[in-house]
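The values are calculated or read from the model by the stated rules, or taken from the named source; none is laboratory data. Just so we're clear, the structure is a prediction, and the values are computed from it rather than from any experiment. Cβ coordinates were reconstructed from backbone atoms using ideal geometry, including for glycine residues, and neighbour counts include every protein chain displayed. Accessible surface is based on the protein model in full, side chains and every heavy atom, while ligands, DNA and RNA are left aside. Shrake-Rupley method; radii C 1.70, N 1.55, O 1.52, S 1.80 Å.
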Amino acid sequence: METTDTQPHIDQHANELEPSSTDSPAVEITIKFPPEQHNQTWTFESQDTFAHLVQALGLEFPEYDWAKSKALLEKRPPTLKKGMLTPSTDPDLPLSTLHTTTLRFLAPKSTTLDSLKTAATEAATVQARRALARSRLARLPPSRKKTALSDATFTFHALSALPHLPNSQKSLSFLQRLKEDPGIVHVMKKHEYSVGLLTEMDPIANTSASEGGVTRILGLNRNKGEVIELRLRTDRYDGWRDYRGVRKTLCHELAHNVYGEHDGDFWRLCRQIEREVEGADWRKSGRTVGEGEFAPARDGDGEGEGGGR
């Protein structure tokens, strides 16, 4: 089993993966793996299964955790009833059913756990940051204390991008832009919201597939503002989502600081926050440019992507 590259990395392991018979027709599958900019056609034997394909990927890209990978079918064959494959649910799927198809793989790097530990560490320093802010506040003149107290309290106390993903500094800048957005700043102060950590969500996380298509969670609020996660990147890892769409997701997650369930009270507050953010954003031009992916979906909207929670 080999890729179409000349002398690919997995050639040395061919005896471990290739069946003894070479008389059966070849199966060709295009494999895309965005983090490595990999977009090539791989050749398999008809007896091979999805488990063999995943094993081969593990040899080609050993730094990724392929047991937790997901494969999205860009065009689903008529014989398949779902648009996503995983090693745990589809190990015995014959690759012959995927002949001439394209699979876009998502897999976390082995350093993902390290990045989560880093995020947890940053969240744990929030109290220390607040203590420092109070210390600085005590040294200010009375005329500035009220404004400074509001700025230091009702904000995002830590920002964190995922260091294992490419160009994490751009994601950090994206989060900083959200933190300093005039509309968001206004809402944080008006509603007295204090968020411990605003962080980036890995595109592979919180993604599921069904007969209706692929569903993506765009935001999460943990413990009513302790941590808010936002999906900043596109699924292909080659860009970032529309800013205004991500900001709208953040409005949704801020409403979860008050209400946990998606009931009537939640949606009234969510829409109020969205209006207040728009109204306080002095940079807006009065119209929306582009066709961004907006979320979260409200009850009955029927959008293809899931909302925050």
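For every residue, the table says whether it meets (1) open to solvent by 80 Å² or more (accessible area, probe 1.4 Å); (2) within 20 Å of the chain's Cα centre (by Cα); (3) modelled with pLDDT of 85 or more.
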{"site": "237", "(1), (2), (3)": "no, yes, no"}
{"site": "243", "(1), (2), (3)": "no, yes, yes"}
{"site": "251", "(1), (2), (3)": "no, yes, yes"}
{"site": "258", "(1), (2), (3)": "no, no, yes"}
{"site": "262", "(1), (2), (3)": "no, no, yes"}
{"site": "267", "(1), (2), (3)": "no, no, yes"}
{"site": "291", "(1), (2), (3)": "yes, yes, no"}
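Looking across segment 229-255, the residues that are in contact (Cβ under 8 Å) with a residue 60 or more places away in the chain and either assigned to a strand (DSSP E or B) or over 22 Å from residue 277 (Cβ atoms) (or both) come down to 233, 235, 236, 237, 238, 240. Return a yes/no flag: does segment 160-179 have any residue that is open to solvent by 10 Å² or more (accessible area, probe 1.4 Å), among the hydroxyl-bearing types (Ser, Thr, Tyr), modelled with pLDDT of 90 or more and out of contact with any helix residue (DSSP H, G or I) (no Cβ under 6 Å at 6 or more places or on another chain). Yes, segment 160-179 contains at least one residue that is open to solvent by 10 Å² or more (accessible area, probe 1.4 Å), among the hydroxyl-bearing types (Ser, Thr, Tyr), modelled with pLDDT of 90 or more and out of contact with any helix residue (DSSP H, G or I) (no Cβ under 6 Å at 6 or more places or on another chain).
Conditions tested, residue by residue: (1) modelled with pLDDT of 90 or more; (2) touching a Cys at 6+ places or on another chain (Cβ under 9 Å); (3) assigned to a loop (DSSP other than H, G, I, E, B); (4) open to solvent by less than 30 Å² (accessible area, probe 1.4 Å).
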| site | (1), (2), (3), (4) |
| --- | --- |
| 44 | no, no, no, yes |
| 53 | yes, no, no, yes |
| 72 | yes, no, no, yes |
| 88 | yes, no, yes, no |
| 96 | yes, no, no, no |
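Taken together, the criteria exclude residue 67 from residues that are farther than 19 Å from residue 84 by Cα and surrounded by fewer than 19 Cβ atoms within 10 Å (Cβ to Cβ). If the condition is being over 14 Å from residue 29 (Cβ atoms) and either modelled with pLDDT under 90 or open to solvent by 20 Å² or more (accessible area, probe 1.4 Å) (or both), then segment 74-86 contributes 78, 79, 81, 82, 83, 86.
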